[in-house]
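Heads up: the structure comes next, in structure tokens.
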């Protein structure tokens, strides 16, 4: 159903439902298997992330990496599968992950 066909009240209700679901998922992620990794990723400074590449690519990849780790935590993904997901994102994601000691343990230094 297109948002154009919804009334204003329906759009607000849909928005609230989506926000509640997003908050619920985030709550589960922050309590999940990789909660420490999420906290460490969140603790990286902008300067640490910017040191990887001079453009905005690193921040986009950082956001993607956060999403992957949050989802892995939410569904209790195996470490080998999380490693594969991070490697799939690419070199910049691996470099960011290696700045987090707990993720470096999963990714390795190869």
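Taken together, the values in this text are just the output of simple stated rules run on the coordinates, not laboratory data. These numbers were taken from a predicted model, which means no experiment stands behind them. Positions of Cβ are generated from backbone atoms using ideal geometry, with glycine treated the same way; all protein chains shown enter the neighbour counts.
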**Request:** Multiply the residue separation of residue 24 and residue 84 by 0.36 nm, subtract the distance between their alpha-carbon atoms, and state the gained length in nm to one decimal.
**Result:** 19.0 nm
**Request:** Using only Cα atoms, find the angle between the long axis of helix 8-30 and the longest principal axis of the chain, and express it within 0 to 90 degrees, rounded to the nearest 10.
**Result:** 30
**Prompt:** How much mean residue ellipticity at 222 nm does the chain get from its helices, if each DSSP H run of length 4 or more adds -39500 (n - 2.57) and you divide by all residues, to the nearest 500 deg cm²/dmol?
**Reply:** -22000 deg cm²/dmol
**Complete:** In degrees rounded to 10, the 0-90 angle between helix 79-89 Cα long axis and the longest Cα principal axis of the chain is 80
**Request:** Using only the alpha-carbon atoms of the chain, report the extent along each of the three principal axes, biggest first, to the nearest angstrom.
**Result:** 54, 32, 23
**Request:** Please arrange 62, 34 by counting, for each residue, the other beta carbons lying within 10 Å of its beta carbon, fewest first.
**Result:** 62, 34
**Item:** Order of 106, 75 - criterion: other Cβ atoms within 10 Å of each residue's Cβ, fewest first
**Value:** 75, 106
